[in-house]
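So the structure is just underneath, and the comments pick up after that.
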Amino acid sequence: MAGNANPFESLQSQIDEAATHLDIGDDVLERLKYPERVLETNLSIERDDGSLARFKAFRSQFNGDRGPYKGGIRYHPSVTRDEVKALSGWMVYKCAVVDIPYGGGKGGIVIDPAAYSDSELERVTRAFAAELRPFIGEDRDIPAPDVNTGQREMNWIKDTYELLENTTEPGVITGKALDSGGSEGRVEATGRSTMLTAREAFEYLGTDMEEATVAVQGYGNAGWIAANLLEDLGASIVAVSDSSGAIYAADGLDTRAVKDFKNETGSVSGYVDAEEEFSNDDLLTLDVDLVVPAALENAIDEALARDVEADVIVEAANGPITPKADAVLTDRDVHVFPDILANAGGVTVSYFEWVQNRQRFYWSEERVNDELETVIVDAFDALTDTYEEHDLENFRTAAYVVAIQRVVDAFEESGTFP
Ligand code: NAD
């Protein structure tokens with residue numbers, strides 16, 4: 001990854017930038033830049049060899065003006081309080097831009113999950129769930145998966161919560177396995193909203209998706225599904241990558257075959273039908289119509305942004321472009337469609353999961369995908385209307401203008417207590 005911007009400072013500068021286009025008092029703006037509360041806790045568990053291990057963990061509840069706090073829990077050695085705070089803030093604006101009735105939250109444990117056994121990870125997860133119990137609930141704060149967590153961890157958290165509360169409340173957490181109250185379409189939802197955003201963007205800009213060349217950085221859940229669905233729209237996926245490096249084929253890669261290869265070997269590197277292999281930075285600066293960053297934060301910094309050749313970037317990852325890089329891309333007329341819209345499919349289908357849990361009535365995959373398409377297309381239209389109406393310099397600012405206005409409206413309609 002190229003840049004090392006502090007993610008909390010990135011979030012705050014994005015809010016400041018958008019606020020210059022809105023009629024918001026400084027006092028109200030300040031409120032939007034800091035979390036309402038952050039839980040910091042130390043989890044102790046017994047390791048398999050009988051010794052004790054301790055882990056720092058956080059849950060940030062950034063803003064609840066529009067509904068319960070919502071956001072994932074990540075397990076990573078580099079989790080910090082500032083990162084969790086920033087990610088919880090982005091969730092507020094992501095939920096607002098797609099107009100689902102949630103605020104924003106995020107959690108994390110400072111842990112390298114690869115260094116622990118499954119039963120140790122279960123004990124850490126259940127210890128965290130016990131600490132979180134007073135703060136979460138289907139009307140309070142609804143966690144979800146993030147980096148290095150998935151259905152298994154969500155099921156453990158749900159089970160611990162339900163045991164301690166002596167209830168059944170599947171909507172306390174989303175991203176669960178289907179048999180534990182998960183939703184059809186959840187696993188594909190982030191890649192699907194990335195594809196829908198790219199499709200709408202190309203239509204808006206008058207570019208033909210069937211003639212388009214695409215490079216995708218990161219071939220995990222979000223990246224592979226986005227690549228696959230874009231290929232289904234007729235685009236040519238000429239390059240994809242993962243942490244091992246990038247592969248390229250001028251006439252397009254077969255995204256399913258690359259996925260099978262990665263499943264077998266653990267990486268995309270070495271894929272037999274690739275014509276060339278190069279670095280991730282080379283992939284991000286390829287002369288293609290569309291780049292989809294779908295790996296980690298800060299993938300494109302100021303220096304790399306000067307070499308970007310694509311006309312359009314659709315952000316599947318959270319925060320893949322630093323604020324300085326964003327300014328360079330705006331100056332160079334590269335159209336960036338932001339993460340808070342493009343990867344909002346994950347939280348939108350989490351919302352559908354929560355709705356289904358509360359109704360105890362489950363939808364078909366077709367219905368989930370149709371409802372998701374409606375949400376993303378409506379959000380895209382609101383964003384481009386605002387972009388034109390305020391004559392804004394880029395689509396990210398338009399997304400924040402839409403989202404901040406919605407949060408401020410909810411706050412002002414409710415008033416202040418005490
Ligand atoms: P994942 O772990 O499934 O995949 C990540 C991929 O990125 C892997 O292929 C990995 O090899 C690759 N990668 C890691 N470091 C890299 C590097 N330096 N260069 C190139 N590739 C690298 O994760 P995911 O769920 O696909 O998430 C990817 C991004 O999308 C993250 O920023 C995440 O926050 C965001 N996101 C995911 C979801 C979701 O529902 N999965 C929802 C919203 C946002």
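Residues that are surrounded by 23 or more Cβ atoms within 10 Å (Cβ to Cβ) and among the charged types (D, E, K, R) within the stretch 106-140 comprise just one, K106. Just one of the numbered conditions (1) open to solvent by 20 Å² or more (accessible area, probe 1.4 Å); (2) closer than 25 Å to R396 by Cα; (3) in the same structural domain as Q151 (by TED's automatic domain parsing) is not true of N42: (2).
Inspect the stretch 154-174 for any residue being touching a Ser or Thr at 6+ places or on another chain (Cβ under 9 Å) and modelled with pLDDT under 95 and give the result as yes or no. No, the stretch 154-174 contains no residue that is touching a Ser or Thr at 6+ places or on another chain (Cβ under 9 Å) and modelled with pLDDT under 95. Scanning the stretch 249-261 for residues that are crowded, with 19+ Cβ neighbours inside 10 Å and touching a strand residue (DSSP E or B) at 6+ places or on another chain (Cβ under 7 Å) returns L253, T255, V258.
Which one is farthest from the ligand (Cβ to nearest atom), of the residues in the stretch 335-348 that are in contact with a Ser or Thr (Cβ under 6 Å, 6 or more places away or on another chain) and among the hydrophobic types (A, V, I, L, M, F, W, C)? Quick ask: steps written out before the conclusion?
Just the residues of the stretch 335-348 that are in contact with a Ser or Thr (Cβ under 6 Å, 6 or more places away or on another chain), to begin with: 337, 341-346.
Right, trim to among the hydrophobic types (A, V, I, L, M, F, W, C) and you get 337, 341-342, 344.
Values: F337: 14, L341: 11, A342: 9, A344: 8 Å.
By that ranking, first place goes to F337.
Of all residues assigned to the stretch 302-310, none qualifies as being in contact with a strand residue (DSSP E or B) (Cβ under 7 Å, 6 or more places away or on another chain) and within 14 Å of the ligand (Cβ to nearest atom). For the stretch 171-200, a residue qualifies if it is open to solvent by 20 Å² or more (accessible area, probe 1.4 Å), within 9 Å of the ligand (Cβ to nearest atom) and of a type in the set (A, V, I, L, M, F, W, C), and exactly one does: V187.
Of all residues in the stretch 251-262, those satisfying the criterion of being within 14 Å of the ligand (Cβ to nearest atom) and either in contact (Cβ under 8 Å) with a residue 12 or more places away in the chain or in a loop (DSSP other than H, G, I, E, B) (or both) are T255, V258, K259, K262. The set of residues from the stretch 277-287 being loosely packed, with under 12 Cβ neighbours inside 10 Å and either hydrophobic (A, V, I, L, M, F, W, C) or more than 14 Å from the ligand (Cβ to nearest atom) (or both) comprises just one member, D287. Restricted to the stretch 349-366, and to residues there that are within 16 Å of the ligand (Cβ to nearest atom) and of a type in the set (A, V, I, L, M, F, W, C), the residue that is surrounded by the most Cβ atoms within 10 Å (Cβ to Cβ) is V349.
The values are calculated or read from the model by the stated rules, or taken from the named source; none is laboratory data. What you see is a predicted model, and the numbers here were worked out from it, not measured in a lab. Please note: Cβ atoms are built from the backbone with ideal geometry, for glycine as well, and neighbour counts cover all protein chains shown. Protein only, heavy atoms only, side chains kept; ligands, DNA and RNA dropped before computing areas. Shrake-Rupley method; radii C 1.70, N 1.55, O 1.52, S 1.80 Å.
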